[in-house]
Amino acid sequence: MFALSWRLQRAGLIGMTGFGLFYGLVQAAAYSSVAGSTTASRLAFGQQMETAGRQFSLFLPLPHGVETIAGYIQWRVYGALPLLFGFWALMSAAGASRGDEERGLVEEWLAAGVGRIRYIVTRFLTFALTAIIAIALTSAAIHLGVIGAAGSFLPLGPVVEVSLALLALTLTVHALTMVVAQFAVSRTAAASLGGLVVGVIFFINSLSRSADGLVPIARIVSPFYYYDLSQPLSPGGRFDVAATLGLFIASIVLVGLTLWLMTIRDVGSAVIQFRSRQHPATVRPSPNALLRIPVLALVYEQRLGIIAWGVGCGFFAFYLASISRQMLGLFQGSSGFRVYLTLIGHGNPYVALTGYIWFGIFLALLSVFAITQVARWSADDNEGRLEMVLSTPVSRTRVVLERAAALVVRMAGVIAITSLALELGAASANVTIGPGSLTVASLLLIPFGMSFAAIGAVLASQAPRAAVAVLATYTFVSYLLTELGPLLKWPDWALKLSVFSLYGNPLTGGVDWTGLWIMSAITIGGFVAAAFLMQHRDVGS
């Protein structure tokens, strides 16, 4: 069983190691490019980043000592790697918990005498081994990249310490997702539910950097909070042994909880099951009229998921908008940035800050939502549901077009709920967001999300088994381009290669028409190409 489990982890190991190597080497090169080679230029760069880096506090820790390359690597690299490795841990756990059951592997192992305890422990230990290798290779590449780019060495002890903290966090996220997956019935549902839970605790910790009232909550629910306590590479920073050890212990406890939950449920079912009403056996189709309407039938199937995404994102949007005045206090020591917010907010810095922070978060959430939809399309192909639909008979072109139309409706529903919550939260804080600007910003989210879905549709039509991994890779690279482009002063055309850059900032800056046309072209061209490619491939291949 260990050998098979190891083979199932090989692709993730190769992919994550490659991501880590690429990100670390690029960031090391970026420091040498933008910080300069003299002490004066690096001090100036450090002061600039101390101020500007607060803008990234939703995704990165607050910068300290970034005038040194060690402090910069701690902030920019090891501050971002939890997102990367956390996503990997989430998807791997969803696959190990529910993907194995969907493929019948769990039943085969149980029939062969492999107990549930041995199964869970083996899967977790296999992931732990791959995580150790991936993090070790990533840290080694970062160390070599610093030597090659800056001609200096990172202290070995702090590198090992921050790697241990990253490993502890990765294992905790993996174990937490395994627990959450016990409440789902499919790999897609487990990934979606796990992504929602991990995303919420991640952003609770992120917001606690600017809202002191969230610190007690982050201390209770977020493992990311304890990872941030260790900053061994920063000048004057330290390695928090207790916090890191606590994360390792938490991962073990969560694995134990997974074992217990798995023993009290049947294979293929969730821990909590809603008792269905008893109906007499019948061969007649469902009387539900919505199931007879092509696009609405697909929307109806995911009604609970739409509500869950809308309510979850809406609650987060409401809370973030309601504390916008408190968050602005974070920038009291940076009068220049406050003036900048006032200018782009047309006299209202709270609107500018709320728009910048929330829409920055929501873009990432929508890209994840699109990935989950692509995962469902791929699963329909791999698990035989697409074959059943085509046998009704339904043309392949219609399948692609219905998927696109249904996703527009789903996405519009999630966006509408979230935008309403954002408006209510802003009103509770006496912050007025123009309804016209909010409507425009919300509507532009649809072509943004559909751009990712269109790319995924092409992949699902050509290579469904690799669609999710490739789309997730593109999403990460797209985000990385948006992050590094302005820092390295890349031209505007290079930034437009990232879909995140195409959205712009419509809440305060109006519509980026160039970006809108590009997103529309990606969406239309992607689904047209998907319909064409599906005609030339056997289902399930």
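With unit charges on the beta carbon (Lys/Arg positive, Asp/Glu negative), name the residue among Val66, Leu214, Ala134 whose Cα is farthest towards the positive pole of the charge dipole of segment 1-271. Positive-most Cα among the choices belongs to Ala134.
Taken over the alpha carbons of segment 402-541 as equal point scatterers, the Debye sum produces base-10 log I(q)/I(0) values at 0.20 Å⁻¹ of -1.23. How large is the translational diffusion coefficient of segment 1-271 in µm² per second when you combine the Kirkwood radius over alpha carbon pairs with Stokes-Einstein at 37 °C and 0.692 mPa s? D = 169 µm²/s.
Across segment 103-111, rounded Karplus estimates of 3J(HN,Hα) from the backbone phi angles (6.51 cos²θ - 1.76 cosθ + 1.60, θ = phi - 60°) give 8, x, 5, 5, 4, 5, 5, 5, 5 Hz, Gly and Pro being marked x. Structural descriptor for the chain: relative contact order 14 percent, calculated from alpha carbon pairs under 8 angstrom and at least 6 residues apart.
Of the residues Pro285, Phe153, Thr482, the one whose Cα sits farthest toward the positive end of the charge dipole of the chain, with +1 on the Cβ of Lys and Arg and -1 on the Cβ of Asp and Glu, is Pro285.
Sorted on the mean count of surrounding Cβ atoms within 10 Å across their residues, most packed first, peptides 170-181, 376-387 read 170-181, 376-387. Backbone geometry of segment 233-246 corresponds, through the Karplus equation with coefficients 6.51, -1.76 and 1.60 at θ = phi - 60°, to 3J(HN,Hα) couplings of 7, 6, x, x, x, 9, 9, 8, 5, 4, 5, 5, 4, x Hz, x marking Gly and Pro. For the chain, a simple Cβ point-charge model (Lys and Arg +1, Asp and Glu -1, everything else neutral) yields a dipole of about 580 debye relative to the Cα centre.
Here's the picture: charge each Lys and Arg Cβ at +1 and each Asp and Glu Cβ at -1 in the chain, and of Ala463, Val271, Leu43 the one pushed furthest to the positive end of that dipole is Val271.
Which of rounded, prolate, oblate describes segment 276-320, given a ≥ b ≥ c as roots of the alpha-carbon gyration tensor eigenvalues and a/c under 1.5 marking rounded, otherwise prolate only if a/b is larger than b/c? Because a/c hits 1.5 or more and a/b fails to exceed b/c, segment 276-320 counts as oblate.
Converting phi to 3J(HN,Hα) with the Karplus coefficients 6.51, -1.76 and 1.60 and the offset θ = phi - 60°, segment 390-397 yields 5, 7, 6, x, 9, 6, 5, 4 Hz in sequence order, with x at every glycine or proline.
With a ≥ b ≥ c the root eigenvalues of the C-alpha gyration tensor of segment 383-484, is it rounded (a/c under 1.5), prolate (a/b larger than b/c) or oblate? Taking the square roots of the gyration eigenvalues as a ≥ b ≥ c, segment 383-484 is oblate. Per the Debye calculation on the chain with a single equal scatterer at every Cα and no solvent contribution, log₁₀ I(q)/I(0) for q = 0.05, 0.12 Å⁻¹ amounts to -0.21, -1.27.
Laboratory data are not the source of any read-out in this text; all were calculated from the coordinates shown. For clarity, every value in this text was computed on a predicted model and none was experimentally measured. Heads up, the Cβs are rebuilt from the backbone with ideal geometry, glycines too, and the neighbour counts pull from every protein chain shown.
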